[in-house]
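Since the structure comes first, as structure tokens, the remarks are kept for the end.
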Amino acid sequence: MGKKLLQIIVAVVLLAAGIVVGMKLAGDNRATVVGDASRYSNAAGSTGLLTRSVGGSGTGTVHDVRDGNSIQAAVAAAEPGDVIRIFPGTYTETVYIDKDDIVLSGVVVNGQWPVMEGNKELNDAVLYSGNDITVENLQIQHYKGNAVMGQAGNNFLIRNNNIIDTGVYGIFPEFGTNGLITHNVLSGIEDAAIYVGMSDNIHVTNNEVFDNVAGIEIENSRHSIVENNYVHDNTGGILVFITPGLPIKTTFDTIVRNNFIVNNNTPNFGIPGSTVAGIPAGTGILNMAGDQTTIEGNVITGNKVIGILITDHMNAPNVTLDPGADPSSDEIAILDNMMWNNGYDTIPEIKALKTLELVDGNVEILNVGASANSCILDPDKYTTVGLKSFGTCGFTTTADVSTYLLDEPAQRREIAAEDMGKRAYYGICAGCHSYNIKMIGPPTQVIQALYMDNPQGIVDYITSPTKKRDDYPEMPPQNYLSEDVRMAAAEYMLQVKQ
Amino acid sequence: MSKAPSNPRAHAGLFLGLVLSTLVLSTLVLSTLVLSTRALADAPAQLREHCPPGFELTDGNRCELRTLYQNYDSLQYAGVGGPRTGLPSARDGFSPQQIDLGRYLFFDPLLSADNSISCASCHHPDLGFSDGRARSVGIDGAEVRRAAPSLWNVAFLQSFFWDARADSLEQQMVGPLYDAKEMGSNPEQLLAEIGGNATYRALFRVAFPGSEGPPTLEQIYYSIAAFQASLISLNSRYDQYAHGYHDALTDNEKEGMNIFRSFVARCAECHTPPLFTNQQIAVIGVPEPEGRQLDAGAETTSGNPGLRGGFKVPSLRNIAKTAPYMHSGAFDNLRDAAEFYTLGRGHALPEEEKQRMTVHWHIWEPELADDELDRLVDFLATLTDEAFKPGIPAAVPSGLAPVGVIPEALGPKPSIAGLNET
């Protein structure tokens, strides 16, 4: 006993001495680089970072925003390429980004996060329409509409955000091509926490979504991957939809794989009239009219109504048929998934279908409506209803597709100066200037004679015009056009021939 | 000669038209009666050889649309998205002569049964190519069921009429041309009127080179479509903002823009930029003006009960110019129209319709504050651009007064006493 005590004392003393020595020797060791940068690179099968074609470049100026400052003021001052760093504090505002290549980056200090606080009065936290936008490291809470809403911005990167009760949606990119949504935590959303609407080439990975009506929704979108997400305690877990009545009418090529889709039994608190308000609480995966959806490698457990539900528009509630949208879910592929304890407390509609097919046990996979060219890899593993038309899949994995994100950013295209000039000249200048006819402004011919080889002269004049001619009104300034566009228009104007 | 807003010759034409059964004859007589008027002296002898603003004349004598929006793409070529998104595909490629001929036809009351009204009587350029009325009025002062939609930017539309029942401008225009309550004409009369007019015969030969014989219905429709498709409005202050000049809008207007596109108000979900319509049919549960029966809208034309009370989402470009609002003019001003969307799903519907209609999922209770509604109205006014508004011809080939009956909103009804002024 005494020997044991001694051993312990010696050990404690040695440990304390070790810590002191260690602290003395190391001090602040941040300057020391440990580990070879190439340790994990160039591995076989590597396709590069998911982030390679998304997000802001971060090559410009850094603007720091601290508690009490306005993020929007920094956005207004920012040029494409700039980074806006947001330090811990509470920011009660709507930030809108109508320019390209901006990084909005929270800085977490000692566990303190920058918080965007909507107080249930503000509509949206971040609205962007620019391409190449990054939104990261923010805690966003208590807005009425969205935490992050994108309208037509391509190449977006939304990551590492903690989003709590931001109203209708959490992260909602719409009309975007090429976007990555990763490592976000979202809860308390009354529709879909992550809602990809009318977009192409999207990757949703490594997010946690819980206590929402819908976890993750892919709607009227193509070439999407939803993988490695933890989707639990929502009303419905993962949705793949064609919603009728929208201007883009297809959903196809969606891979839903390697997600944990667990206990999505939260009572539906969706907004009356919304599509998700019709989702029964206890739904794991719901595919409505989406085509070429492949479901692989998910852990789907504890969803009380159904594990996987595939339906067409005719059998879905709250849906008005759209002649422009194909109502059926075709080419569905259910590969290997881990399914356990789903459908244990299901709805009368499913019970009735079960009786009809004389199926015993809890239904884990249900298809209602026609579903052409669909398949399941191992139907005997699960209790299924409505899958008689499904064949056996001729493929076992989607692993060869690592992502549908693009190799190069979308729409970073150069406009030829002549096209730019032509579009500005006919699209704007021609409202007042005709080639050889007097309109509101003097004819182009007259301007050509005046400025022959001097497009810069035109640019200077149209930027801040002065009254020149008694027989014409003063020209309004064209400074709203960028310098490039003004020059292109001037050059085009000097060479136009009719 | 007086510059009074009244159009005495329209009424001379109307009067004589009643007395004399054939219009060719009435025009002849009319011409003899008022030989001294400028209208005839100005009758167009030729058509423009240059394109209207917004178009480049390209090889093959085609007017092709040019706009800065062509610098941008749009997802799936759908022409919907955000500020810097490409437009839906446009109808263009008409010749300058066809567009100009269409302009004469558009403003010529010769196209109506009694030569009293022209297309412009309900689609007047000074009223946003609408007529300022809740419901339009045709010949004989008969009121029709719905409001005249604006014609700005129709080149980009895929369907026409409030209930989206026509797929082309040509298909659309036979509605008002031949509807007994609207222009009241018929194909035979139209061919006789146009074909019986020497000026038109000459102009059609210019606009359709190589074509023999009198003008055809197809050529008439095509020319009017050409003119309508030339009505481009894409240079508003909003557009300046969209192209990158953020000082184009005031703080209030920007706030309104953010409310407009927020997912609380959700305006932009259906009135989607750059055209401010997604061209879909939406059931929003709009009320009929007092004392009017419910208009089932697209349910009737599509046979789809889910579209009961559904109408095409209109573009909001130049919306500040086209009060009153909605398909039958339920709201006099934009403030009231905006407020409708915050009062709750189906709030304005009769009880039995609340159960029956499938109101669009975007109609909810956004609880917009009063000042938010004011900001929305501020923003909507930034969508005004009439820089490319075409001129009304000083004279039209029929010799009738251009436009014919003008909308009340533009002034008092022309009186028959005006005849004395000639």
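Counting only residues that are over 23 Å from residue B:264 (Cβ atoms), touching a Phe, Trp or Tyr at 6+ places or on another chain (Cβ under 9 Å) and either within 13 Å of chain B (Cβ to nearest Cβ) or of a type in the set (Phe, Trp, Tyr) (or both), how many does region A:161-218 have?
5
Suppose we keep only residues that are at the interface with chain B (Cβ under 10 Å from one of its Cβ atoms) and not in a loop (DSSP other than H, G, I, E, B) within region A:401-420. Which one would you say is farthest from residue A:478 (Cα to Cα)?
That would be A:419.
What's the number of the only condition in (1) open to solvent by 10 Å² or more (accessible area, probe 1.4 Å); (2) within 13 Å of chain B (Cβ to nearest Cβ) that residue A:266 fails to meet?
Unmet condition: (2).
When you go through B:60, B:93 one by one, which is the residue that is more than 12 Å from residue B:229 (Cα to Cα), part of a loop (DSSP other than H, G, I, E, B) and small (Gly, Ala, Ser)? Write out each step before concluding.
Working: B:93 fails: more than 12 Å from residue B:229 (Cα to Cα).
After ruling out the rest, the residue left standing is B:60.
In this structure, does residue A:10 turn out to be part of a helix (DSSP H, G or I), modelled with pLDDT under 65 and open to solvent by less than 80 Å² (accessible area, probe 1.4 Å)?
Criteria not met by residue A:10.
For a quick check of your reading of the model, give me the residue pairs whose first member lies in region B:249-265 and is within 7 Å of another protein chain (Cβ to nearest Cβ) and in contact (Cβ under 8 Å) with a residue 24 or more places away in the chain, whose second is open to solvent by 20 Å² or more (accessible area, probe 1.4 Å) and part of a helix (DSSP H, G or I), with beta-carbon atoms closer than 6 Å and at least 6 apart or on different chains.
Listed by first residue and then by second, the contacts come to B:259/B:372; B:259/B:375.
Determine, yes or no, whether residue B:238 is more than 13 Å from chain A (Cβ to nearest Cβ), at negative phi and of a type in the set (Phe, Trp, Tyr). Before the answer, list the steps.
Details: more than 13 Å from chain A (Cβ to nearest Cβ): no; at negative phi: yes; of a type in the set (Phe, Trp, Tyr): yes.
So residue B:238 fails the test.
When you check residue A:245 against the structure, is it touching a Phe, Trp or Tyr at 6+ places or on another chain (Cβ under 7 Å), within 14 Å of chain B (Cβ to nearest Cβ) and open to solvent by 10 Å² or more (accessible area, probe 1.4 Å), yes or no?
Working: touching a Phe, Trp or Tyr at 6+ places or on another chain (Cβ under 7 Å): no; within 14 Å of chain B (Cβ to nearest Cβ): yes; open to solvent by 10 Å² or more (accessible area, probe 1.4 Å): yes.
Here the answer is no, as residue A:245 does not meet what is asked.
Mind counting the residues in region B:356-386 that are surrounded by fewer than 19 Cβ atoms within 10 Å (Cβ to Cβ), without any contact (Cβ under 8 Å) to a residue 24 or more places away in the chain and within 13 Å of chain A (Cβ to nearest Cβ)?
The qualifying residues number 3.
Mind checking which pairs have a first residue in region A:425-442 that is free of Cβ contacts under 8 Å to residues at least 12 places away in the same chain and open to solvent by less than 20 Å² (accessible area, probe 1.4 Å) and a second that is of a type in the set (Gly, Ala, Ser) and assigned to a loop (DSSP other than H, G, I, E, B), Cβ under 6 Å, 6 or more apart or different chains?
Pairs that qualify, where the first residue is free of Cβ contacts under 8 Å to residues at least 12 places away in the same chain and open to solvent by less than 20 Å² (accessible area, probe 1.4 Å) and the partner is of a type in the set (Gly, Ala, Ser) and assigned to a loop (DSSP other than H, G, I, E, B), are A:431/B:387.
How many residues, within region B:63-81, are in a loop (DSSP other than H, G, I, E, B), out of contact with any Pro (no Cβ under 6 Å at 6 or more places or on another chain) and buried (at least 19 other Cβ atoms within 10 Å of the Cβ)?
Start the filter on region B:63-81 by keeping residues that are in a loop (DSSP other than H, G, I, E, B), which leaves B:66-67, B:72-74, B:78-81.
Now narrow it down to the ones that are out of contact with any Pro (no Cβ under 6 Å at 6 or more places or on another chain): B:66-67, B:72-74, B:81.
Among the residues that remain, those that are also buried (at least 19 other Cβ atoms within 10 Å of the Cβ) are: B:66-67, B:72, B:74, B:81.
Going through region B:63-81 one residue at a time, the tally reaches 5.
If we scan region A:146-156, do we find a residue that is on the phi < 0 side of the Ramachandran plot, assigned to a loop (DSSP other than H, G, I, E, B), within 9 Å of chain B (Cβ to nearest Cβ) and in contact with a strand residue (DSSP E or B) (Cβ under 6 Å, 6 or more places away or on another chain)?
Of region A:146-156, the ones on the phi < 0 side of the Ramachandran plot are A:146-151, A:153-154, A:156.
Subsequent filtering for residues that are assigned to a loop (DSSP other than H, G, I, E, B) retains A:153-154.
From the residues that got through so far, the ones that are within 9 Å of chain B (Cβ to nearest Cβ) too are A:153-154.
Going one step further and asking which of them are in contact with a strand residue (DSSP E or B) (Cβ under 6 Å, 6 or more places away or on another chain), we end up with A:153-154.
The answer is yes; a qualifying residue exists.
Here is a check on your reading of the model: is residue A:228 under 17 Å from the mean Cα position of the chain (by Cα) and away from every other protein chain (no Cβ under 13 Å)? Lay out the reasoning, then the answer.
Details: under 17 Å from the mean Cα position of the chain (by Cα): yes; away from every other protein chain (no Cβ under 13 Å): yes.
In short, yes.
Starting from region B:60-82, take each residue that is facing chain A (nearest Cβ under 7 Å) and list its partners that are assigned to a helix (DSSP H, G or I) and aliphatic (A, V, I, L, M), counting only C-beta distances under 7 angstrom and pairs at least six apart or across chains.
B:68/A:424; B:71/A:420; B:81/B:75
How many residues are of a type in the set (A, V, I, L, M, F, W, C), assigned to a helix (DSSP H, G or I) and either touching a Gly at 6+ places or on another chain (Cβ under 9 Å) or farther than 17 Å from residue B:104 by Cα (or both) when one looks only at region B:170-191?
Pass one, region B:170-191, residues of a type in the set (A, V, I, L, M, F, W, C): B:173-174, B:177, B:180, B:183, B:190-191.
This time we only want the ones that are assigned to a helix (DSSP H, G or I), so: B:173-174, B:177, B:190-191.
Adding the requirement that they be either touching a Gly at 6+ places or on another chain (Cβ under 9 Å) or farther than 17 Å from residue B:104 by Cα (or both) leaves B:174, B:177.
Residues in region B:170-191 being of a type in the set (A, V, I, L, M, F, W, C), assigned to a helix (DSSP H, G or I) and either touching a Gly at 6+ places or on another chain (Cβ under 9 Å) or farther than 17 Å from residue B:104 by Cα (or both): 2 in total.
Condition first: within 14 Å of chain B (Cβ to nearest Cβ), open to solvent by less than 40 Å² (accessible area, probe 1.4 Å), hydrophobic (A, V, I, L, M, F, W, C) and touching a residue at least 40 places away in the same chain (Cβ under 8 Å). Now tell me which residues in region A:444-493 satisfy that.
Result: A:481, A:485, A:488, A:489, A:493.
Within region B:144-161, work out how many residues are assigned to a strand (DSSP E or B) and open to solvent by 30 Å² or more (accessible area, probe 1.4 Å).
Let us first name the residues in region B:144-161 that are assigned to a strand (DSSP E or B), namely B:160.
Those still in the list that are open to solvent by 30 Å² or more (accessible area, probe 1.4 Å) too: none.
Counting residues in region B:144-161 that are assigned to a strand (DSSP E or B) and open to solvent by 30 Å² or more (accessible area, probe 1.4 Å) gives 0.
Mind listing whichever residues of region A:186-233 are out of contact with any strand residue (DSSP E or B) (no Cβ under 7 Å at 6 or more places or on another chain) and either modelled with pLDDT under 95 or of a type outside the set (A, V, I, L, M) (or both)?
A:190
Of (1) open to solvent by 20 Å² or more (accessible area, probe 1.4 Å); (2) in contact (Cβ under 8 Å) with a residue 24 or more places away in the chain, residue B:327 satisfies all except one. Which?
Status for residue B:327: all satisfied but (1).
Conditions (1) at pLDDT 95 or above; (2) not hydrophobic (A, V, I, L, M, F, W, C), marked per residue:
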residue: B:322; (1), (2): yes, yes
residue: B:354; (1), (2): no, yes
residue: B:366; (1), (2): no, yes
residue: B:373; (1), (2): yes, no
residue: B:377; (1), (2): yes, no
residue: B:393; (1), (2): yes, yes
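Select from region B:311-344 the residues that are under 20 Å from the mean Cα position of the chain (by Cα), within 14 Å of chain A (Cβ to nearest Cβ) and more than 18 Å from residue B:382 (Cα to Cα) and list them in ascending order. Spell out the reasoning first.
From region B:311-344, those under 20 Å from the mean Cα position of the chain (by Cα) are B:311-334, B:337; that's our starting set.
Subsequent filtering for residues that are within 14 Å of chain A (Cβ to nearest Cβ) retains B:311-313, B:315.
The answer is B:311, B:312, B:313.
Test of understanding: among B:132, B:141, B:196, B:175, which residue is at pLDDT below 95, more than 14 Å from chain A (Cβ to nearest Cβ), out of contact with any Ser or Thr (no Cβ under 7 Å at 6 or more places or on another chain) and open to solvent by 20 Å² or more (accessible area, probe 1.4 Å)?
Being at pLDDT below 95, more than 14 Å from chain A (Cβ to nearest Cβ), out of contact with any Ser or Thr (no Cβ under 7 Å at 6 or more places or on another chain) and open to solvent by 20 Å² or more (accessible area, probe 1.4 Å) holds for just one of B:132, B:141, B:196, B:175, which is B:141.
Hey, among the residues in region A:309-362 that are within 14 Å of chain B (Cβ to nearest Cβ) and of a type in the set (A, V, I, L, M, F, W, C), which one's most open to solvent (accessible area, probe 1.4 Å)? Full working, then the answer.
Here is the first cut: in region A:309-362, the ones within 14 Å of chain B (Cβ to nearest Cβ) are A:313-314, A:316-325, A:327.
Okay, now just the ones that are also of a type in the set (A, V, I, L, M, F, W, C), so A:314, A:316, A:319, A:321, A:325.
On the way: A:314: 114, A:316: 17, A:319: 33, A:321: 80, A:325: 9 Å².
Filtering first and then ranking leaves A:314.
Output the number of the condition that residue B:104 fails; it satisfies all remaining conditions of (1) surrounded by fewer than 24 Cβ atoms within 10 Å (Cβ to Cβ); (2) at pLDDT 95 or above; (3) in a helix (DSSP H, G or I); (4) not polar (S, T, N, Q).
(1)
Right, residue B:282: more than 10 Å from chain A (Cβ to nearest Cβ), in contact with a strand residue (DSSP E or B) (Cβ under 7 Å, 6 or more places away or on another chain) and aliphatic (A, V, I, L, M) or not?
Details: more than 10 Å from chain A (Cβ to nearest Cβ): no; in contact with a strand residue (DSSP E or B) (Cβ under 7 Å, 6 or more places away or on another chain): yes; aliphatic (A, V, I, L, M): yes.
For residue B:282, the condition - more than 10 Å from chain A (Cβ to nearest Cβ), in contact with a strand residue (DSSP E or B) (Cβ under 7 Å, 6 or more places away or on another chain) and aliphatic (A, V, I, L, M) - is not met.
In region A:139-188, how many residues are small (Gly, Ala, Ser), open to solvent by less than 10 Å² (accessible area, probe 1.4 Å) and either in contact with a Ser or Thr (Cβ under 7 Å, 6 or more places away or on another chain) or closer than 26 Å to residue B:274 by Cβ (or both)?
Residues of region A:139-188 that are small (Gly, Ala, Ser), as a first pass: A:145, A:147, A:150, A:152-153, A:167, A:170, A:176, A:179, A:187-188.
After this cut, where a residue has to be open to solvent by less than 10 Å² (accessible area, probe 1.4 Å) as well, the list is A:145, A:147, A:150, A:153, A:167, A:170, A:176, A:179.
Then drop every residue that is not either in contact with a Ser or Thr (Cβ under 7 Å, 6 or more places away or on another chain) or closer than 26 Å to residue B:274 by Cβ (or both), which leaves A:145, A:147, A:150, A:153, A:176, A:179.
Adding up the residues that qualify gives 6.
The values are calculated or read from the model by the stated rules, or taken from the named source; none is laboratory data. None of the values given here were measured: they were computed from a predicted structure. Virtual Cβ from ideal backbone geometry, glycine too; neighbours counted across all protein chains shown. Heavy atoms of the whole protein, side chains included, go into the accessibility calculation; ligands, DNA and RNA do not. Shrake-Rupley method; radii C 1.70, N 1.55, O 1.52, S 1.80 Å.
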